[in-house]
């Protein structure tokens with residue numbers, strides 16, 4: 001089963017925590033509390049996301065972390081490639097890239113080329129805003145004062 005890494009999942013959760021206007025700039029500690037990602041690990045993820053232009057990170061008194069673009073303008077493919085690298089799907093379904101060639105062609109080669117393109121296209125179409133709508137549908141009870149009292153961001157105001 002194809003699955004993204006836990007680090008990529010953490011990155012998506014961290015970005016989601018910055019999606020609310022009231023939480024537009026947060027410290028790494030605040031994001032760690034919101035996302036449930038261990039702070040030292042999150043700090044590395046934030047550095048990577050900032051280096052790839054998905055976050056703006058600023059140190060100092062008026063510092064913090066913020067999305068570089070609105071959630072609607074950040075594709076999940078960008079997040080995946082920032083964390084996993086551009087060749088995250090791998091050239092060979094069977095893990096035999098060094099042995100793979102066109103002569104004779106591997107029986108899974110054409111399938112894997114099509115599947116890779118379909119996966120990439122779907123992730124390019126899916127945005128952080130789509131993920132937020134999904135989270136809101138799964139956890140509508142996360143709205144409200146209890147999150148504010150705990151210092152956690154409110155879910156994004158979502159429309160269908």
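Throughout, read-outs are computed from the coordinates displayed, never taken from laboratory work. This structure is a prediction, so every number in the text was calculated from the model and none was measured. Virtual Cβ from ideal backbone geometry, glycine too; neighbours counted across all protein chains shown.
Between residue 73 and residue 111, the distance separating the two model label sites (each 7 Å from Cα on the Cα→Cβ line) works out to 4.1 nm. Normalised by 2.2 N^0.38 Å, where N is the number of residues, the alpha-carbon radius of gyration of the range 1-46 equals 1.15. Fraction of C-alpha pairs exceeding 29 angstrom in the range 6-149: 28 percent, rounded to a whole number. When each of 58, 116, 138 is scored by the number of other beta-carbon atoms lying within 10 Å, the sequence from fewest to most is 138, 58, 116.
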